[in-house]
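The values are calculated or read from the model by the stated rules, or taken from the named source; none is laboratory data. If you're wondering where the values come from, they're calculated on a predicted model, not measured in any experiment. Cβ atoms come from the backbone with ideal geometry, glycine included; neighbour counts cover every protein chain shown.
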Amino acid sequence: MGSRGWKAICVAGGVLVVATAIGFYIGGWATSGPASFTPASQSSRSVNLTIQTVAAIGPKLSPNPSWVSYLIRDNSNQWRRTTVWKLPAHALVHVTLYNFDGASGLRNPFLGAPQGLVGSERVDGKVLTAMPPDQPSHTFAVPELGILVPIAPVADDAKNPCDVAPCQLSSDHRTITFTFRTGKPGHYRWQCFVPCAAGWLYGFGGPMQSLGYMDGFVNVV
Amino acid sequence: MSSFAEHSTDYAVVESEPPEQLGRNLNTAGHLLASATAFFFLAFVFAYFYLRALNNAGLWRPRHVNPSLTLGTLAIVAVVASAVLIRLGLMDHRAGRRRQWRLKGWLALGLAGVAVALQIAEWATQGFGPADGGYASVYLGWTGLYAVFLLAVIYWIETLLATATRYRKIESGAPPAGHASGDSHRTGHDIHDPLSLVRPSLEALSFYWAFLAGIGVLTWFILYIL
Amino acid sequence: MAAAAPSTRAARDPSHGRRLIGAWILLSVILTPIVVWLAGKVIPPGNKTHQASEQVFDNQWIVAVSTPVALLMIAFFLYTLIVFRARDGELRDGPPIRGDARIQITWIVITSAAVLTLAVFGTYELLQNGAGGGQGPDPVAVPSGSKLPVQVIGQQWEFTYRYPTYGGLETPHLVLPADRQIELHVTSLDAIHSFWAYELGVKADANPGVDNVAYVKLKSPTTFHIHCAELCGLWHGYMFDTGKVVSQSDFAAWIKQQQAQFQPVSQYLPRYARSYYPDPQRRAG
Amino acid sequence: MSANAAVPTPPRRRVVGYNLLTGLVLGVVGYYVGWWIGHHIHATSIGYFADTNQNDIAVFLGYFLSVVGFLAGLGFLSYPWARVRGYPPSLREKETAGVARYFGLCTDHKVVGIQYLIGIGVFFFIGGLNAMLIRFELLRPGGQAFPAGNYLTLVGLHGTMMMGIMSSAILGPFANYVVPLMIGARRMAFPRIEALTFWLLMAAGTLLATTIFFGGFPTGWTGYEPLNDQANSGMDSYIVFFGLVGISMLLLGLNMIATIVTMRAPGLTWSRLPIFCWGVISTASLMLLASPVLIAALLMATLDRTAQTSFFIPSAGGSTYLYQNLFWVFGHPEVYILALPGFAVVLELLPVFARKPLWGYRLAVAGMLGVTLLSWLVWQHHLFVSGINGDLRPFYMLSTELISIPTGFTFLCGMMTLWRGRIRYTVPMLFCLAWFFNFLIGGLSGVFLSDVPSDVTTHGSFFSMAHFHYTIMGGLVFTFFAAIYYWIPKMTGFQLNDRLGKIHFWTMFIAFNSTFAPLFAIGFMGQPRRVVTYPSHLQFLNDWVSVSAFVLGASMLVFLANFVWSLVFARVPAPRNPWGSRSLEWQLPSPVPVHNFDKIPVFTDDPYGYGDDDGRVPAVVPVGAPAGGGS
């Protein structure tokens, strides 16, 4: 019984270790996601965000190099791939967005007009009221806050297109500026409404259904 | 004595199974497998009529989606002929004409292979692809998976022929122990004579193959004639 | 084996059965009306529309039939598990009763009657006006009278709404006029969604390429919650919204305001249709 | 027998043999071979892979060859290969004692039963862990413990794991183990297929877990199109998983039916067959016929994802309803594949612990066969509000509600078996009695879902989720534990601790009801299924449910502790027939000798003759003297 007892203890211990390992592994995987980014703000009433959209994220920033993605410029002026942003409540957020991607086109043309902004959306300085459905490259939309920003595309025959993120402003791009107001504290998802995930059915797979690419959270605190 | 011998079954104590047990099992399994097969292809029958009735986006069957009736018909004729040959082979086997059964068996095997080859030839020459609407999807899925079933039956026929050929010279009586099973340590087995090696499986095959050929005819009727 | 074989050996104590049935009938008579009344009070989706009230009424019916069934089980098990427990440590067998045809037939008749009652009543309720459920492109249960058509478009991941009688106006908000019969046309542009207007008692799946019609007769002004009730991808859980039922005059004003606000984009909208085929090519853009 | 029976030579010990380790190694190798081939397939129609860096053909081929490699490593291919070379059908003996046979291809039905029990237990643990994580996320209305996509994968993993693996929860471990013993057979009709069903299930579960390497899948266990087609490669794991589970169930069902039809001992007529075997036949026939429809639907989905067919893509000539119809043609029988074994266990155990014959044997059989038949005619109740043409809704409403009639037969037979009995409250009996309570609530709540007007509110909400947990967890998992506590003494020869068993039962029963009863309310109050976030006024109820769910999870740990303690440490030998049952398996020694019976028994009666001989027990059904152990 003695050696059998030891054997039994070893078996039970082994099972316990394996079970704990499985538990930790699943738990660790389940909580993995893009890291949260908090922009340095001048005051609690106003925040500046600089973001860019690229046609392909490239191998340096993601294991899925061909996916479309948003990037954000962090406080040390580096481009980072995270789409979870922490913003102060009831603040004005001034966004400068550089788009390096071409046109994809909307499925629902209704989503081609900006909504819910403070002031108006400007594309390369010009006010935008609505965009024809074949134009938008992406949208920045926070449905719970009523925000929708269609993003103008880079022309198909651009001379100096940017292939892989992070893109520099020397490449052909469009500059979109807009301002929105964050509301009450809460977790607000944001997403792109343009079916821009080329190759997936109805353009809504991969990057369109993965946090860190075309989807994210605006965590208002 | 090794631990194996200590714990192995003592066949002197344990009575052997009745010889007809294998036949009963295979016969039941053949029928059950046929019913499962029927439900499998029922899904495709349903898909055919459902998508045809809906004709979503007008893309049920664009005009150029038109597989060759000749090749399809030839393939099904080969399938039916093969099933008939297996049936005739079974009758030979029952009557003790083992040579004739083997002959018909090899022919049936060849015909089933021809059916698969014809089907492949049809896919290669049909001039439309899987992305060409509802009919193209059902047609390719159905014929493709039917071909998989054909390959399974080809395997089944081959195993029977291989066994029949291996024991063609033993007229009666059980083969020596350890010889028949391929397991050298085996002490006893329920093989009584060379006929019992083939007959139960052949009975089940004959039924199943006829059933599958019937599904083949249905396939042909729905996909080519309707 | 199932034949009636009343045991002669085990001394039959007829009072067990009678006691149980008596207690059950008494409990049912007292409790069923109370439970049904309570169910009418608490069972959602409330009384804000004709359809919602009907569903509550239907639920009350089911509760009315279910309560005696549940009470029978509870009474039976309380009684049996206490009275017929093995009292001593010794392992002894009970009476070898193998069946009773009368009990079996009675049981079959009663359960069948209860089931048929429910099915008949449910069918009657359903055929009135569809009970708020999506009925597909060719509804069988159509309420009479004039109806305001409103299209619900599901897309990943937001509902938008079109009002064909107001020039095909499209908006991200659902506002409806009070005291009107509404004809909802639910469709999708990509995956399957399900439009669930909880307080209205409406649920209809949004399928790409399909026009799913549901009817609802509104009462007085109120607000209601909208959820997506079919798993549609990443943001399924965030696909919710609040809708409003407003007075007829407020509705007219709201329509005017929306038409003005979305005037710039309305030129790009496609003609109103029963459904919109998304992207016939598999590739986007 | 042949005269020149040679002295048996023991099988050679080889460094590389057919065992689990070889299987795993070849499985991994197979995956990479398939992946490599998949990346070298060039066809014009699939050129778009370049845009997505997702190659489903490679993933599917990888999975396929992985399974082939795994089975080859376990030794499953040596038999078909022998047949190709003309060797006749014969059983390879694997009846050596020792632990090694539990880690490979073993054709002893008793070994397969125990393999199933442990294997299913592992995946039940993982599935349950997923449920705990889901409830952890729902502690707060805003969520955010897990990113939304991972949460959906957890929901899908929990549902898929439970529906797929637990389909075989009773038939795998217990029917495989006890059906041959009950019917007086030495083996199943197809022992190699029996082993195959188990290892396919294990391969399936493992491949499903790998979905997290491919981005998970967002569809839940139903895998609805076109979301399915839209999803990442993680979806391929789901498809392969359910496909393998389908094949496993199909073969399991086929083997069970064939065994009960052909291998019954003399005198065991259909009217003497233990009721458990009738339950097994009902379940097995559903497995046999429903799985092919699932496999076909999944193959269509596979073709849509790889070969660019359009079965389920409306804009290209397909239909989303086609998938929904095919899935639920399988899916509703599947629900009864999960529920019917529960009926069978309850009806089999009640006579033992009420010390009375099964009341209304024929009615009980008719009930189970009736459910089996009707389960084919109800599938469109899942599509009441789907926008499919509504004309048939009254029919499906009626057919769904009709199912309560044969289900009621089971209730009546169970209840009348208890009536006037001498009820002993053993642990397995407690689980059986809980079944009545749980299934009653599950059944009554099912009426709300079957009734179209009521279904408009309850469909797709937490109400329906609570309903099917009451029927499946309350109906299957409770009886699963009843079967464990009942048959483990026979299977292992050791007793489970009674006190821990009772603690397990009461915590599980109370926590189960405390978890799922409030979910009816939550559903009625408007919370849809599978959401990561919910309105804040539902937080109290959701928190209550979450905490109860954690207690429910802890009760499983009580069981695990009992299991390990009793079987590994305490090891109290069980008597041959601790429950005083008349069923044949209890007349054999515990654990059962390798070949079950030296002489095949002859039946003269059914196993329910309690009280027939002046209340003295147990009267042994006449059997041949069982073999006495190993040596």
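Across the range C:71-97, the number of residues qualifying as crowded, with 20+ Cβ neighbours inside 10 Å and of a type in the set (Ser, Thr, Tyr) comes to 1. Scanning the range B:43-85 for residues that are within 14 Å of chain D (Cβ to nearest Cβ) and part of a loop (DSSP other than H, G, I, E, B) turns up B:55, B:59, B:60, B:61, B:62, B:63, B:64, B:65. Are any residues in the range D:131-147 at the interface with chain A (Cβ under 7 Å from one of its Cβ atoms) and either assigned to a helix (DSSP H, G or I) or β-branched (Val, Ile, Thr) (or both), and if so, which ones? Within the range D:131-147, just D:133 meets the criteria. Taking the range C:130-155 as the range and being within 14 Å of chain D (Cβ to nearest Cβ) and under 20 Å from residue C:265 (Cα atoms) as the test, the residues that pass are C:151, C:152, C:153, C:154, C:155.
The numbered conditions (1) closer than 19 Å to residue C:263 by Cα; (2) under 19 Å from the mean Cα position of the chain (by Cα); (3) more than 8 Å from chain C (Cβ to nearest Cβ) are all true for residue A:163 except (1).
Residues that are within 21 Å of residue C:44 (Cα to Cα) number at least 2 in the following helices (runs of 4 or more DSSP H) confined to the range D:370-466: D:427-450, D:452-458.
Can you find a residue in the range A:112-130 that is among the small types (Gly, Ala, Ser), assigned to a strand (DSSP E or B) and buried (at least 16 other Cβ atoms within 10 Å of the Cβ)? Walk me through how you get there before you give the answer.
Of the range A:112-130, the ones among the small types (Gly, Ala, Ser) are A:112-113, A:116, A:119-120, A:125, A:130.
Then keep just the ones that are assigned to a strand (DSSP E or B); that gives none.
The answer is no; no qualifying residue exists.
With the condition kept exactly as written, say whether any residue in the range D:496-513 is closer than 14 Å to residue D:132 by Cα and out of contact with any Lys or Arg (no Cβ under 7 Å at 6 or more places or on another chain).
yes
Scanning the range C:207-241 for residues that are closer than 22 Å to residue A:205 by Cβ, within 8 Å of chain D (Cβ to nearest Cβ) and either among the hydrophobic types (A, V, I, L, M, F, W, C) or assigned to a strand (DSSP E or B) (or both) returns C:208, C:210, C:228, C:231, C:232, C:234, C:235. When D:199, D:221 are screened for being over 27 Å from residue D:324 (Cα atoms) and either of a type outside the set (Ser, Thr, Tyr) or in the same structural domain as residue D:102 (by TED's automatic domain parsing) (or both), only D:199 passes. In the range C:199-214, the count of residues that are free of Cβ contacts under 8 Å to residues at least 60 places away in the same chain, in contact with a Pro (Cβ under 8 Å, 6 or more places away or on another chain) and buried (at least 20 other Cβ atoms within 10 Å of the Cβ) is one or more. Would you check if residue D:555 is assigned by TED's automatic domain parsing to the domain that holds residue D:111 and either over 30 Å from residue D:276 (Cα atoms) or part of a loop (DSSP other than H, G, I, E, B) (or both)? In short, no. If the condition is being surrounded by fewer than 21 Cβ atoms within 10 Å (Cβ to Cβ), in contact with a Pro (Cβ under 9 Å, 6 or more places away or on another chain) and of a type in the set (A, V, I, L, M, F, W, C), then the range D:545-578 contributes only D:574. Which residues, counting only those in the range C:137-162, are touching a helix residue (DSSP H, G or I) at 6+ places or on another chain (Cβ under 9 Å), part of a strand (DSSP E or B) and not acidic (Asp, Glu)? Passing the criteria: C:148, C:149, C:150, C:151, C:153, C:155, C:160, C:162. Just one of (1) more than 8 Å from every other protein chain (Cβ to nearest Cβ); (2) at positive phi; (3) buried (at least 21 other Cβ atoms within 10 Å of the Cβ) fails for residue D:520. It is (2).
Looking only at the range D:502-517, which residues are closer than 19 Å to residue D:482 by Cβ and surrounded by fewer than 23 Cβ atoms within 10 Å (Cβ to Cβ)? Hits for the range D:502-517 are D:502, D:503, D:506, D:507, D:509, D:510, D:511, D:513. You will find that of C:158, C:125, C:183, C:170, the residue that is among the acidic types (Asp, Glu) and within 10 Å of chain D (Cβ to nearest Cβ) is C:125 and no other.
Based on what the data block shows, is residue A:139 within 13 Å of another protein chain (Cβ to nearest Cβ), in a strand (DSSP E or B) and closer than 14 Å to residue A:114 by Cα? In short, yes.
Take the conditions (1) more than 30 Å from residue D:396 (Cβ to Cβ); (2) assigned by TED's automatic domain parsing to the domain that holds residue C:25; (3) without any contact (Cβ under 8 Å) to a residue 60 or more places away in the chain; residue C:93 misses just one of them, which is (2).
Can we say residue B:63 is closer than 30 Å to residue C:276 by Cβ, in contact with a helix residue (DSSP H, G or I) (Cβ under 8 Å, 6 or more places away or on another chain) and surrounded by fewer than 17 Cβ atoms within 10 Å (Cβ to Cβ)?
So residue B:63 does not fit the description; no.
Checking the stated criteria, residue A:127 turns out to be more than 9 Å from chain C (Cβ to nearest Cβ) and touching an Asp or Glu at 6+ places or on another chain (Cβ under 9 Å). Please determine, by comparing only the residues of the range D:530-542 that are touching a residue at least 40 places away in the same chain (Cβ under 8 Å), crowded, with 20+ Cβ neighbours inside 10 Å and within 11 Å of chain C (Cβ to nearest Cβ), which one is nearest to residue D:458 (Cα to Cα). Ranking the qualifying residues of the range D:530-542, first place goes to D:530. Test residue B:148 against the criterion of being within 12 Å of another protein chain (Cβ to nearest Cβ) and at pLDDT 95 or above, and give yes or no. It is true that residue B:148 is within 12 Å of another protein chain (Cβ to nearest Cβ) and at pLDDT 95 or above.
If you take the residues of the range A:25-37 that are in contact (Cβ under 8 Å) with a residue 24 or more places away in the chain and surrounded by 15 or more Cβ atoms within 10 Å (Cβ to Cβ), which of them is farthest from the other protein chains (Cβ to nearest Cβ)?
If we take residues in the range A:25-37 being in contact (Cβ under 8 Å) with a residue 24 or more places away in the chain and surrounded by 15 or more Cβ atoms within 10 Å (Cβ to Cβ), then A:37 is farthest from the other protein chains (Cβ to nearest Cβ).
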